[in-house]
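Derivation of every value follows stated rules applied to the coordinates shown; laboratory data play no part. Because the structure is a prediction, the values reported are computed rather than measured. Note that we place each Cβ from the backbone using ideal geometry, even for glycine, and neighbour counts take in every protein chain shown.
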Amino acid sequence: MAAEAVPAVAVNVAEERVSVASNWRLVWWRFRKHRLALLSALVLIGLYLVVLCPEFFSTQDPEATDARLAFMPVQRVHLFDGARLSPWVPGVVGKRNPMTLRMEWRADERRKIPVGFFTGGHAYRLLGVVPSRLHLVGAASTDGRDQIHLLGTDRLGRDQWSRLVHGTRTSMTIGLVAVAFSVVLGVLLGGISGYFGGLADLVIQRAIELLQSLPTIPIWLALTAALPRDWTPQQVFFAITVILSLVGWTTLGREVRGRFLALREEDFVLAAELAGASRRRIILRHMVPTFLSHIIATSTLAIPVMIINETSLSFLGLGIRPPAISWGVLLQEAQNLQTLALAPWLLMPGLLVILAVLAFNLVGDGLRDAADPYSQ
Amino acid sequence: MTRYVLKRLLLLPVLLFLFSVTVFAIVQAPPGDFLTTYVATLASSGSSISAEQVEALRREYGLDQPVWIQYVRWMENLAKGNLGLSLEYQRPNAELIGERLVLTVVLALFSFVFTWIVAVPAGIYSAMHPRSALDYALTVLNYVGVATPNFMLALVLMWSAFAYFGVSVTGLFSPDFVDAPWNLARVVDLLKHLWLPAVVLGVAGTARLTRVMRANLLDELHKPYVTTARAKGLPEWRLVLRYPARLALNPLVSTIGWYLPALFSGSLIVATVMNLPNIGPLLLRALVNQDMYLAGSILLIYCFLTIVGTLISDILLAWLDPRIRLEEG
């Protein structure tokens, strides 16, 4: 008997740990098991660090143009100088082709531009407040004349890496803000629809059906084309998030309504009502927490859709407008085949779009599995 | 069944009316009208137009009337089957849209067929061989497929075709056939060009569909009736195709409702990048130039296609799954 009791106690301890753990802890334990989702979460954290202070991660001013440096190709980073670990990039010499009058760039392996970390560069304000000159990477040479273009330059000689970093801020934020709008609208309207029922339910459901049967991309295009030309980038940004979430909330609204309908009949809601809890308390303390994790998972999966939509709209020239920088705006530079054949590195922002969307999808899938209390 | 279809058909005019109001409000919204854009274009090219002429044109197009009268006029013309005159091209809109509309629908249907032909077998294979090398490869492909915006895919394909094979894969016709009348040779030429945009347009959907098919079929394969059939000695492939695959397809059919319309509107972006002569690029141009009747007509056509796409899939689903009919009474 005693010999059997020992493992039983061990099992009980483990079980007790599970049974007293909060819901969020359980979700975290399950999420932790998805290696890919965990890795993707790290990627996203990295991307949002860039969003916080893109200036620190950029090597040059993204707006600085230099016509003499147009379409400079990617400088390959060499990690070792001889046997010593000291990263450098080859200097690039340009010569104008007398036939085509086009600059032709050639790497000059003999001229080594050392690459350093935490180097000084153009001035900026960290988080918009703290003046700083510090950059994560940059040319480490002392004379300050050498510049590095890790991802080459575009048509106007602007540094592609720095522009990409700044584009990340816009594109990653727009996805987040648009989904935040959708969640507020979806939870509010879906909640009203599901909790109160009756006429409100009827009206909201018809509205959702109407919005969902609109052809999204053409309507978005028409709406963004209708934005006044003289709006500031901030106004356009805000308007586009609103336009994107106009349709985005409907899916969530439907789901929230379904949950409310199902929960309304549950015993614990009845118990709360009998105990005299206010309606507000019942909704916020008793009903919402039961499906909050589900909402979070669904919204995580909605962010990449928003990112793709924003990128597509800007790519067509009707979303974010230059001088504001977003991934879509950057890809617009790569729109025609001639430019693409000349400067394929301009497609780089597209890879970042794919990476970000992939990471969001994997994290979203992981969260969805983790949020489901019945999963193994 | 007939009653259900009739009910849905009766709703169609109501929806179209609501959409027409929305569409008109949107194309009407930008400040200024076509003539302001037109005058600005003229001014930038050096020529000018007198204020009286602008007023005369404005009266001619009815742009001086209140908005609701403009709307009623537009509707009157639409009811007569007249889509109005394009302000920019000075040609009837119906003529501009006509052939492009056919190409839009053909492209969407092609990519729809591609999606199903690829996704269903791929999903079945993945579910039958879970955790095999090919299953993992397909899963990776699916994730990347969903994550790639289709204009990006179009760009990469166009660039690699150009850089490695020296061919340009834009457009839907070879130069010889662009203005040729319809005949067999032109259709063949169209098919030669159509497959690539159709694939580009269909990739994301294919990836999503494969995942759904795999998940659905995996759920079915663990059910007792499958074990019974297997115990009776039915060959594995026949067993899977006979019952579980058919059951797993059912939820897929319900996704046609949003997938087909998504293809219609998605083709807009692919068409713009790959320079395809469908209604997408026409809409884009009309929107930028405030050619509002042309833009309005095209938007309304997109709405119509979307409603019809949804309707087709609902009817299909009702036909496949009797439970839905019962609910609707």
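If R0 equals 60 Å, the separation of the Cβ atoms of A:VAL129 and B:LYS232 corresponds to a calculated FRET efficiency of about 0.20.
Counting only other chain Cβ atoms within 10 Å of each residue's Cβ, the peptide B:141-147 averages 4.
Amide H to amide H distances under 5 Å link A:ALA140 with A:VAL115, A:GLY116, where only residues 5 or more positions off or on other chains count and H is placed in the peptide plane. Lys and Arg at +1, Asp and Glu at -1: add these up for the other residues within a Cβ distance under 15 Å of B:LEU221 and post the number. Result for the neighbourhood of B:LEU221: +3.
Here chain B has an Rg and Dmax of 24.6, 89 Å, counting Cα atoms alone. Computed from point charges on the beta carbon alone (+1 for Lys and Arg, -1 for Asp and Glu), the dipole magnitude for chain A about its Cα centre is near 720 Debye.
Efficiency by 1/(1 + (r/R0)^6): what FRET value for B:ASP64 and B:ILE315, r their Cβ-Cβ distance, R0 = 60 Å, to the nearest 0.05? Result of the calculation: an efficiency of 0.85.
Rg and Dmax of the stretch B:1-119, based on Cα coordinates, read 19.9, 64 Å. As a proxy for reagent exposure, A:THR300, A:THR290 were ordered by neighbouring Cβ count within 10 angstrom, fewest first; the result is A:THR290, A:THR300.
How much of the calculated P(r) for the stretch A:75-148 lies past 14 Å, in percent of all Cα pairs? Roughly 67 percent, once rounded to a whole number.
Across every pair of non-identical alpha carbons in the protein assembly as shown, the mean reciprocal distance, once inverted, gives a Kirkwood radius of 29.0 Å. Charging the Cβ of each Asp and Glu at -1 and of each Lys and Arg at +1, and nothing else, the dipole of the protein assembly as shown about its Cα centre rounds to 1200 debye.
For chain A, the longest principal axis of the alpha carbon atoms and the long axis of helix A:2-20 meet at an angle near 70°. The mean number of partner chain beta-carbon atoms within 10 angstrom of a residue's beta-carbon across peptide A:158-168 is 0.
Counting partner chain Cβ atoms within 10 Å of every residue's Cβ in A:201-212, what's the average?
Rounded to a whole number, the mean comes out at 1.
The ranking of A:LYS112, B:LYS80 by Cβ neighbour count inside 10 Å, starting from the fewest, reads B:LYS80, A:LYS112. Across chain B, the mean sequence separation of Cα contacts (distance under 8 Å, 6 or more residues apart), normalised by length, yields a relative contact order of 28 percent.
Both numbers refer to the Cα atoms of the stretch A:163-370; Rg and Dmax are 20.1, 73 Å.
Suppose the chain between B:ASN275 and B:PHE165 were pulled fully straight at 0.36 nm per residue; how much longer would it get relative to their current alpha carbon spacing? Working shown, then result.
Working: separation 110, 0.36 × 110 = 39.60 nm, distance 1.92 nm.
Full-extension gain reported as 37.7 nm.
Residues in the stretch A:50-55 carry Karplus couplings, in order, of 4, 4, 5, 9, x, 4 Hz; the curve used is 6.51 cos²θ - 1.76 cosθ + 1.60 with θ = phi - 60°, and Gly or Pro positions show x. For chain A, the longest stretch holding no GluC sites (Glu not before Pro) located in a DSSP loop with at most 16 other Cβ atoms within 10 Å is which? Looking at chain A, A:64-264 is the longest stretch - no exposed GluC sites (Glu not before Pro) with at most 16 other Cβ atoms within 10 Å. The peptide list A:197-204, A:27-34, put in order of mean Cβ contacts within 10 Å with the highest first, becomes A:27-34, A:197-204.
What net charge is computed for the residues neighbouring A:MET287, neighbours being all others with C-beta under 14 Å from the C-beta of A:MET287, Lys and Arg scored +1, Asp and Glu -1?
+2
The H on the amide N of A:ARG111, modeled in the peptide plane, is under 5 Å from the matching H of A:GLY91, each at least 5 residues off or on a different chain. Helix A:288-315 and the long axis of chain A differ in direction by around 30°, with both axes built from C-alpha atoms.
Ranked by Cβ crowding within 10 angstrom, fewest neighbours first, how are B:MET75, A:MET348 ordered?
Values: B:MET75 14, A:MET348 21.
The most exposed by this proxy come first: B:MET75, A:MET348.
In order along the stretch B:72-88, phi translates into HN-Hα couplings of 4, 4, 4, 5, 4, 5, 4, 4, 7, x, 9, 7, x, 9, 6, 5, 7 Hz, rounded to whole numbers, per the Karplus curve 6.51 cos²θ - 1.76 cosθ + 1.60 with θ = phi - 60° and x for Gly and Pro. log10 I(q)/I(0), Debye, Cα-only the stretch B:231-295, no solvent, q = 0.17 Å⁻¹? The Cα Debye sum returns log10 ratios of -0.72.
How long are the three semi-axes of the equivalent ellipsoid of chain A, in whole Å, if each is the root of 5 times an eigenvalue of the C-alpha gyration tensor, listed from largest down? Please list the in-between numbers first.
Values: eigenvalues 469, 180, 54 Å².
Each semi-axis is √(5λ); the values are 48, 30, 16 Å.
Is the stretch A:92-132 rounded, prolate or oblate when judged by the Cα gyration tensor, a ≥ b ≥ c being the square roots of its eigenvalues, rounded requiring a/c under 1.5 and prolate requiring a/b larger than b/c? It is oblate, given that a/c is not under 1.5 and a/b is not larger than b/c. Annotation: amide H-H contacts under 5 Å for B:LEU276 (H modelled 1.01 Å from N, sequence separation of 5 or more, or interchain): B:GLY171.
Calculated FRET efficiency, A:ASN23 to B:GLN90, Cβ-Cβ distance, R0 = 60 Å: about 0.35 to the nearest 0.05. Converting phi to 3J(HN,Hα) with the Karplus coefficients 6.51, -1.76 and 1.60 and the offset θ = phi - 60°, the stretch A:74-91 yields 4, 8, 6, 7, 9, 7, 10, 9, x, 9, 8, 6, 7, x, 8, 10, x, x Hz in sequence order, with x at every glycine or proline. The label point for A:ALA262 and the one for B:LEU191, both projected 7 Å from the Cα toward the Cβ, are 4.8 nm apart.
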